[in-house]
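The values are calculated or read from the model by the stated rules, or taken from the named source; none is laboratory data. These numbers come from a predicted model, not from an experiment. Note: ideal-geometry Cβ built from the backbone for every residue, glycine included; neighbour counts use all protein chains shown.
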């Protein structure tokens, strides 16, 4: 016995088996239900429960806060129905649907971007063509190791796939990438996934906020917007700890020289010594600049954020204080496997 779920975005109800989540059932039925991590961490599948009863599995408060849950919102990837339900998918603006590809790729080159971030570029050999929207990510498997999610840093119109992979000490995958991956290696890639992508029809100001290797999807978004002729103000804030964590600066300075509507700001939270760059937390720098710019600076603005959870959460809160609604903040918080385990343990306890 199962239940039926209806959503105004879909022409007909779909069936959910006992113990199955709404998202899994929708995907099984071939429906384009927005989703990202599928583990309760990103919020991409956030929906309003109009009617019915569901049980929510553990999830992060970034993805769904207690206040949102009290107001009837759910995460489809964690919601198991206990009755027939009616839901409304949030953030359905400019929904993109690319074919899901399972590809065999070859490593073209690897390069160190910082002391703990490595760039890996891949050529697609089988399973293409691969289309995606700037800001999305793919699931990657090196050798016989567990698969991991990494965002594309290249523009969708570029032939090589580019990924920025940060070393996680003690991790199951990133030490291998750091020490052993080389040109010519075979890599399996599946995607695209994610809803924190560039909204092409949006004409208001763009705030692009990145922390650490979260620069990858933000780089793709900014470069795609500029190359596509977008004329609205586009500001990229890149937050890192110290000088040695900063990368891509020369590239973005070159873009500033080319495009008058683009501005790049590096923010160091823990500089090793005197610096000419902004210091402090990224959210504070954004708040100070926007307050100084005046109340109209954010009219019609959208924000794209990617990086460590604490950075994303604080920046979203700062933007909310300034009047940028959560529906206009498209965010990917980079949770490690250890982060996910801690969240699940805390929620279960």
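Residues of the range 248-258 include at least one that is in contact (Cβ under 8 Å) with a residue 60 or more places away in the chain and either surrounded by 22 or more Cβ atoms within 10 Å (Cβ to Cβ) or in contact with a strand residue (DSSP E or B) (Cβ under 8 Å, 6 or more places away or on another chain) (or both). For residue 213, the conditions (1) more than 21 Å from residue 27 (Cβ to Cβ); (2) surrounded by 22 or more Cβ atoms within 10 Å (Cβ to Cβ); (3) out of contact with any strand residue (DSSP E or B) (no Cβ under 6 Å at 6 or more places or on another chain) all hold with the exception of (3). A search for C-beta distances below 8 Å between a residue of the range 323-334 that is modelled with pLDDT under 75 and any residue that is in a loop (DSSP other than H, G, I, E, B) and crowded, with 23+ Cβ neighbours inside 10 Å, counting only pairs 6+ apart in sequence or on different chains, returns 332/42; 332/135; 332/194; 332/196; 333/41; 333/42; 333/60.
With respect to the conditions (1) on the phi < 0 side of the Ramachandran plot; (2) exposed (fewer than 15 other Cβ atoms within 10 Å of the Cβ), residue 266 falls short on a single one, namely (2). So which residues in the range 266-277 are modelled with pLDDT under 95 and closer than 20 Å to residue 219 by Cβ, if there are any at all? Answer for the range 266-277, where residues must be modelled with pLDDT under 95 and closer than 20 Å to residue 219 by Cβ: just 277. From the set of residues in the range 224-247 that are without any contact (Cβ under 8 Å) to a residue 40 or more places away in the chain and in a helix (DSSP H, G or I), which is surrounded by the most Cβ atoms within 10 Å (Cβ to Cβ)? Of everything passing the filter in the range 224-247, 226 is surrounded by the most Cβ atoms within 10 Å (Cβ to Cβ). Of the residues making up the range 169-197, those that are assigned to a strand (DSSP E or B) and either within 20 Å of the chain's Cα centre (by Cα) or without any contact (Cβ under 8 Å) to a residue 40 or more places away in the chain (or both) number 5. Residue 204 falls short of the stated requirement of being on the phi < 0 side of the Ramachandran plot and assigned to a strand (DSSP E or B).
Could you please find all residues in the range 5-25 being part of a helix (DSSP H, G or I) and out of contact with any strand residue (DSSP E or B) (no Cβ under 6 Å at 6 or more places or on another chain)?
23, 24
When we screen 221, 165 for residues that are assigned to a helix (DSSP H, G or I) and either in the same structural domain as residue 38 (by TED's automatic domain parsing) or surrounded by 23 or more Cβ atoms within 10 Å (Cβ to Cβ) (or both), the only hit is 221.
Residue by residue, here is whether (1) under 22 Å from residue 7 (Cα atoms); (2) surrounded by 15 or more Cβ atoms within 10 Å (Cβ to Cβ); (3) touching a residue at least 40 places away in the same chain (Cβ under 8 Å) holds:
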{"site": "67", "(1), (2), (3)": "no, no, no"}
{"site": "71", "(1), (2), (3)": "yes, no, no"}
{"site": "80", "(1), (2), (3)": "yes, yes, yes"}
{"site": "84", "(1), (2), (3)": "yes, yes, yes"}
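Of all residues in the range 62-80, count the ones that are assigned to a loop (DSSP other than H, G, I, E, B), more than 18 Å from residue 196 (Cβ to Cβ) and at pLDDT below 90. Show your work before the answer.
Kept after step one, since they are assigned to a loop (DSSP other than H, G, I, E, B), are these residues of the range 62-80: 62-65, 71-72, 76-78.
Subsequent filtering for residues that are more than 18 Å from residue 196 (Cβ to Cβ) retains 71-72, 78.
Pick out the ones that are also at pLDDT below 90 and you get 71-72.
Result for the range 62-80: 2.
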